[in-house]
Amino acid sequence: MTVPGWVISKGHQYSLLIRLIGPVMHIALNFFKDGNEYYPMYGFLTIINYDLIFMAQGIVDQVYAEEQKQAKEELSKTAWMPLGFFLFFLGYAITCPVGFSNSGYDFYYPLYDHTYLQSFHTTGSWLWIIVVLTIAEVYLNDKFDSGWFSLIVEQSLFVYLYHYLGIAVLARLVIE
């Protein structure tokens, strides 16, 4: 299947279809999850499965990052982009996790007990990931200033460690 306006070369235009692996696998996993039961080990193992799918999708996206970038650039010059925006927001409106009925145990992902509601919830999660990754690709892939880059990226471990130390000291003072 070819999209009108795309020139077939090297198959990079099909690289965007790879992004469907994670959502499709989550929907498949939803058929095996019981959102109504509270068993700590069961919840722990199911969230590991969901997280492994997130991680696998990230690895696949990194392997095909250049092809996906080229496909996005070509796609952005066609009439499919406005339709894509419309479909994205339509999908987001449908999959937004709202409502308090048919919810399963609150600390398990996805929150709902019925498979179709779980599928909406996981698909909505993937839509959020797509938005965050797209914004990050546009704004965060450049080294804006070497000094600020070093301060923010390379020194973040020290900030984390000192932050943790401060919290530990404050917690000890409050507890005693």
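Worth pointing out:
- Positive contributions from Lys and Arg (+1) and negative ones from Asp and Glu (-1), summed over other residues with Cβ under 13 Å from the Cβ of ILE129, come out at -2.
- Per-residue Cβ neighbour counts within 10 Å put MET25, MET41 in the sequence MET41, MET25, beginning with the fewest.
- Counted by neighbouring Cβ atoms within 10 Å, the residues ILE175, ILE130, ILE152 run from fewest to most as ILE175, ILE152, ILE130.
- Lysine pairs with alpha-carbon atoms under 28 Å apart, the range 9-91, spacing 8 or more or separate chains: 4
No value in this document is a laboratory result; all are computed from the given coordinates. What you see is a predicted model, and the numbers here were worked out from it, not measured in a lab. Neighbour counts are summed over all protein chains in view; Cβ atoms, including those assigned to glycine, are modelled from backbone coordinates with ideal geometry.
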